[in-house]
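The values are calculated or read from the model by the stated rules, or taken from the named source; none is laboratory data. Since the model is a prediction, treat every value here as computed from it, not as a measurement. Cβ: placed from backbone, ideal geometry, glycine included. Neighbour counts: every protein chain shown.
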Amino acid sequence: MKRISTICCIVAVVIVAMAVTACGTDRHLKKAEKYLAIGEYYDAATEFKKAYQSTSTKEREKRGQRALKMARCYAKINQTQSAMGGYRNAIRYKQAELDDQLAYARLLLKNGEYKSAAKEFQAVKDSLQALGEWYREPTPNLPSVANEGFTPLGGAAATSVAALKTPVALKGREASRKLTDRALLTENGLISAQKAPEWKEQGSRYTVKRMDIFNSRRADYSPMLFGDDFDRLYFTSTRNDAMGDELSGITGTKPADIFVSEKDDKGKWSRPEAVQGGLNTEYDEGACSFSADGREMYLTVCQTDPSYPRYAQIMKSNRSDASWSKPSEVKISNDTLSGYAHPAISPDGQWLYFCSDMPGGKGGLDIWRIRLTTGGLGGVENLGDPINTPGDEMFPAFRPNGDFYFSSNGHPGMGGLDIFIATIDPKTRRYVLEHPGYPLNSQGDDFGMTFEGPYNRGYFCSNRGDGRGSDHIYSFENPEIVQAIKGWVYEMDGYELTAAEVHLVGDDGTNETLSVRSDGSFTYVVTPGVNYVMLATCKGFLNHKEELCVEQAEESEEYVLQFPLASITAPVLIDNIFYDFDKATLRPESTQALDELVNLLNENPNVTIELSAHCDYK
């Protein structure tokens, strides 16, 4: 009887324990689903993990479902190892869908497991072909800035995306058929897994170096050089000095703030400090870009709310002396269910580029642009092919010469986000893409380019080699010969003219209007063998012209030109004009003075003068 009582007691304890476990599992699941609904992926992943661990191994279907949700959340916040573990369990318990198998293959690629990634991509490809979902019927292209135009750029340091995008086996009619979105990502992933080891071995002319002066033990990313001498570096960081005490439910870290480091006369960078003014808050601020005159900052802000999801917004802050104002929203669209992030201003200051998941894109995050006008914002345009893919394209950036940089995980690459360079072919007016290779790109996420003036050097960020997936800032340099004009526009008393413009014309057809910086300077990259004429203008001042003949150089060279402008109200003095005695013919020394007057009139066609002469009377 005693033994029976003991057995009954044990059974009762087991039943109670099972009930408690079941209640705990349900509680974790409810929390996880709540966090997931408002986009707090870190908290959701944590609760899904607890639910998975408390689920019996005999309940294979439930364990697989919870592992899958955990994996998807970890993938959202770049915790690659945890996401891979979740996907492996979901696949093992036969709960993963084909999209999940594709996501797992892309994570293997990002982790540098190229052979395993190739195997998974091939399995997805076989499944899609068996389902008849490899090709789709041709559909009209999205309205775009420049449609498809893959042309090899050449050079040992570059890999043409053209040679990688189209499967070699396609012939005839099949070559004109477009792949489905999943098929395109699968094919590009398979190409990446096969080619990435070769790219890493081949290398390039780029050199990169981790910049510990800027980095912390947390995430540091999206660097942006600023200042007339590029002596300030703004970047985003979740370091301990960031505002706010609570950890983000989205990332599990502190919300990000914008920090700045300054370079002294000896070229040494200072310890980064949070930007002063009303810019930083307890929410996430980051990924900033500046207007051409440096008076406006565009940035990404992500506010949170415990009751409903909030999406990233682009905001604008104004500079007053050394501080930045509280930012205000840049209203790109009335769509409140899409995010807008990673602003970049075009070199001419006329366009705001950004990334978004708004409807009408090619899938994932796309890069868009909107015109900036004096009256507000123009219409939104999707960059289309070949920039955007069914994957994610983000972090647009410009080199001052107009080359467009962005990061993508949809094109063939080395894994994660890779940096790509887009230039417009002058003949076809279509984008041409270049993959700059290793070590600028790696198996991790590489993004956020910023340049030191016209030179192919500057900073970017990457999470390569970081087990926690945190981003860090790196320097880069690709040695090349750059010939540039450094001009200064100022009034005769020496004060800079910030409202001045410089009209530049070259005998190769170049016709540009350049704005000057806050110190009256401007920079322009010139082409060897071209003759340039520059005319500096400013309201209330006479124009000033300079000419430059650019010869071929064996090393980088900077041509310094001065443009002193005289006030239009100041008298213009010329040498006396003399005639021969008792004659109306000019003396030779007088022609130079008159030539100067003619030049003045040619440079200032709107100026009217009165010319009179005083003669002896007989």
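Within the stretch 366-379, the set of residues being closer than 15 Å to Q313 by Cα and surrounded by fewer than 23 Cβ atoms within 10 Å (Cβ to Cβ) comprises R369, I370. The residue of the stretch 479-494 that is nearest to E551 (Cα to Cα), among those that are exposed (fewer than 15 other Cβ atoms within 10 Å of the Cβ) and either in contact with a helix residue (DSSP H, G or I) (Cβ under 9 Å, 6 or more places away or on another chain) or touching a residue at least 24 places away in the same chain (Cβ under 8 Å) (or both), is I481.
All conditions in (1) in contact with an Asp or Glu (Cβ under 7 Å, 6 or more places away or on another chain); (2) over 23 Å from P347 (Cβ atoms) hold for A484, with the sole exception of (2). Among the residues of the stretch 308-341, those identified as outside any strand (DSSP E or B) and among the aromatic types (F, W, Y) are Y308, Y311.
Taken over the stretch 514-536, the criterion of being in a strand (DSSP E or B) and closer than 12 Å to E547 by Cβ is satisfied by N531, Y532, V533, M534, L535. Yes or no: the stretch 257-268 includes at least one residue that is part of a loop (DSSP other than H, G, I, E, B) and either closer than 23 Å to F398 by Cβ or not assigned by TED's automatic domain parsing to the domain that holds S356 (or both). No, because not a single residue in the stretch 257-268 is part of a loop (DSSP other than H, G, I, E, B) and either closer than 23 Å to F398 by Cβ or not assigned by TED's automatic domain parsing to the domain that holds S356 (or both). Residues of the stretch 213-227 that are of a type in the set (A, V, I, L, M) and over 13 Å from A242 (Cβ atoms): I213, M224, L225.
The number of residues in the stretch 362-378 being in a loop (DSSP other than H, G, I, E, B) and in contact with a Pro (Cβ under 9 Å, 6 or more places away or on another chain) comes to 3.
Every residue, every condition in (1) out of contact with any Phe, Trp or Tyr (no Cβ under 7 Å at 6 or more places or on another chain); (2) in contact (Cβ under 8 Å) with a residue 24 or more places away in the chain, yes or no:
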| site | (1), (2) |
| --- | --- |
| N531 | yes, yes |
| T537 | yes, yes |
| L548 | no, yes |
| A553 | yes, yes |
| Y559 | yes, yes |
| L565 | no, yes |
| I568 | no, yes |
| I574 | yes, no |
| Y579 | yes, yes |
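Any chance the stretch 421-442 includes a residue that's assigned to a strand (DSSP E or B), under 12 Å from the mean Cα position of the chain (by Cα) and closer than 16 Å to N78 by Cα? So far as the stretch 421-442 goes, no, none of its residues is assigned to a strand (DSSP E or B), under 12 Å from the mean Cα position of the chain (by Cα) and closer than 16 Å to N78 by Cα.
Look at S323 and say whether it is surrounded by fewer than 17 Cβ atoms within 10 Å (Cβ to Cβ), at negative phi and in the same structural domain as L372 (by TED's automatic domain parsing). Judged against the criteria, S323 is a match.
Does any residue in the stretch 290-305 that is surrounded by fewer than 16 Cβ atoms within 10 Å (Cβ to Cβ) come within less than 9 Å, Cβ to Cβ, of a residue that is among the β-branched types (V, I, T) and not in a strand (DSSP E or B) six or more places away or on a different chain, and which pairs are these? Sorted first by the residue in the stretch 290-305, then by its partner, the pairs are D293/T498; D293/V516; Q303/T281; D305/I38.
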